[in-house]
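The values are calculated or read from the model by the stated rules, or taken from the named source; none is laboratory data. These numbers were taken from a predicted model, which means no experiment stands behind them. Every residue, glycine among them, receives a Cβ derived from its backbone with ideal geometry; neighbour counts consider all protein chains shown.
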Amino acid sequence: MPEKILKETENKMKHTVEALIKEFASVRSGRANPKMLEKVTVDYYGVDTPISQIASISVPEATQIYIKPYDKSQVSDIEKAIFGANLGVTPSNDGVGVRLSLPPMTEENRKNSAKQIHKMAEDDKVSIRNIRRDAITHYKKMGKASEISEDDLRYYEDEVQELTDKYTSKIDELAKEKEKDIIHV
């Protein structure tokens, strides 16, 4: 049972970091990245559908994204969805697809993106610490119920702390990498 809690704790922390990587991908870094469209959904016959499921997304140039829907009647719906998503870019409809030209990032945009990265990282570090707290609470309950010894309790608390340190440092590394990517001109 204690090993199971440790394994679940590690899985939760791993999923938190994976979710952060996906969130970081949606932050604009100056280069065109199709992942910035992941959260954009289009009304496709009454169902909110991610753009990637109804169109092909390509990057013809470093500052341009081209979205070509599989169904040409969806071009205007895709354009409206991008306007509504407030991505900071203006889509242009060429009748066949939608082109997004990303303007060069200003120093202020870069700083705001870096702040956004730091906030996301800090929120996920809080999540990691909450996962740690929950695991340690489980172990303390097991200790009070005499299901594990005091030595085992200390051992598992140390193991959970090691996992916490490992995943918070991973989050810090990812944030530094993304910030470097954003700040780099």
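Kindly establish whether L163 is more than 15 Å from the chain's Cα centre (by Cα), within 30 Å of Q74 (Cβ to Cβ) and touching a residue at least 60 places away in the same chain (Cβ under 8 Å). Spelling it out, it is not the case that L163 is more than 15 Å from the chain's Cα centre (by Cα), within 30 Å of Q74 (Cβ to Cβ) and touching a residue at least 60 places away in the same chain (Cβ under 8 Å). In this structure, A81 does satisfy being touching a strand residue (DSSP E or B) at 6+ places or on another chain (Cβ under 6 Å) and either among the acidic types (D, E) or part of a helix (DSSP H, G or I) (or both). Would a scan of the range 62-74 turn up a residue that is at positive phi and either out of contact with any Asp or Glu (no Cβ under 6 Å at 6 or more places or on another chain) or of a type outside the set (A, V, I, L, M, F, W, C) (or both)? Among the residues of the range 62-74, not one is at positive phi and either out of contact with any Asp or Glu (no Cβ under 6 Å at 6 or more places or on another chain) or of a type outside the set (A, V, I, L, M, F, W, C) (or both), which makes the answer no.
The single residue among L100, L174 that is touching a residue at least 12 places away in the same chain (Cβ under 8 Å), buried (at least 18 other Cβ atoms within 10 Å of the Cβ) and more than 18 Å from the chain's Cα centre (by Cα) turns out to be L100. When the range 25-70 is filtered for residues that are of a type in the set (S, T, Y), out of contact with any Pro (no Cβ under 9 Å at 6 or more places or on another chain), without any contact (Cβ under 8 Å) to a residue 60 or more places away in the chain and within 24 Å of E179 (Cβ to Cβ), only S26 remains.
Taking the range 68-97 as the search range and keeping residues that are in contact with a Lys or Arg (Cβ under 8 Å, 6 or more places away or on another chain) and aliphatic (A, V, I, L, M), which one is surrounded by the most Cβ atoms within 10 Å (Cβ to Cβ)? So, considering only residues that are in contact with a Lys or Arg (Cβ under 8 Å, 6 or more places away or on another chain) and aliphatic (A, V, I, L, M), the one surrounded by the most Cβ atoms within 10 Å (Cβ to Cβ) is L87. Pairing residues of the range 1-24 that are closer than 16 Å to D152 by Cβ and in contact (Cβ under 8 Å) with a residue 60 or more places away in the chain with residues that are part of a helix (DSSP H, G or I) and of a type in the set (D, E, K, R), at Cβ distances under 7 Å and at least 6 apart in sequence or on separate chains, gives P2/D152; L6/E159.
For the range 103-125, give me each residue that is among the basic types (K, R) and touching a residue at least 60 places away in the same chain (Cβ under 8 Å). Selection gives R110 alone.
Buried (at least 19 other Cβ atoms within 10 Å of the Cβ), touching a helix residue (DSSP H, G or I) at 6+ places or on another chain (Cβ under 9 Å) and modelled with pLDDT of 85 or more, is that true of P50? No. For the condition among the small types (G, A, S) and part of a strand (DSSP E or B), S92 qualifies.
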